[in-house]
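The numbers here are math on the coordinates, done by the rules we state, and not lab data. Predicted, not measured: the structure shown is a model, and the values here were computed from it. Glycine gets a Cβ as well: all are built from the backbone with ideal geometry, and neighbour counts include every protein chain shown.
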Amino acid sequence: MIYLAFYRGEGRFFSDTLVQRITRSEFSHCELFVSALPPLPGQTHSCVSAVGKHGGVCVRDITFRPGAYEFVAVPWAPSDTFERAERHLGKGYDYWGLLMTQLVNMRRHAPDRWFCSKLCAKAMGLADPHTYAPGDLKRVVEEHNRTYMAAQELAETRQAAIRPRATHGAPFFPGSGIFAGGLRTAREGAANAISQLTGSIDDGGIRATAPQRLAKRTQGLTTTRNRPALTQTTQTGTVLRFPGRIAR
């Protein structure tokens, strides 16, 4: 899961207090990281962000001090959000963009330089990422989260409405209960229809020949009923009859 960590600051004037006042927010910085479980204060995670004192975009291990950070999960973010941010490693810090978008609201910025919320917004696929201060990004992400969760609940409700239901104690789905009985009846009817048309029934892979087809196969064969008996006269004059064999 993608997470954002929003930093409240420790009172440093230029890096914390000034940013908070300019952006009219309690947050002065944000970091992006990945975690399989909801993060807790005191844990250490590998985060990516743009930091002025580190020269720009960097990845570093941060221990989240209790009370200094607030976490927001981003379930709708692309799975490669962290990798998207990492593509800008080593690029410089966008001081110009921070001032021109947040101080004087002129929406000017350097395309190849980044500040923290601009980088995180870009990695998550938000439009105009340079317009977001940390506090703005938090509000927008939380609004997107509410929309995402509402859509998920609506999809689950619709899915439950069309999901097969149990009928008279028998679950209505292929392979059991009423559905299976109806399917079996349909298969038997199809087999009977095939047998009437083709003269054969295929039951479990065993093909049995119907009487009418067997009769056609035996037409013209000589049997003891239509073949003359063989005779032989002995020396005493006795005539012996030998019944004909069934032709094969």
Please order 53, 91 by the number of other Cβ within 10 Å, starting at the fewest. 53, 91
Using mean Cβ contacts within 10 Å as the protection proxy, how do 35-46, 119-130, 151-162 order, highest first? 119-130, 35-46, 151-162
Please work out the ratio of the alpha-carbon Rg of the range 31-153 to 2.2 N^0.38 Å and round it to two decimals. 1.06
In order over the range 137-148: 3J(HN,Hα) from phi, Karplus 6.51/-1.76/1.60, θ = phi - 60°, whole Hz, x for each Gly or Pro, gives 4, 4, 5, 5, 5, 5, 5, 4, 4, 5, 5, 5
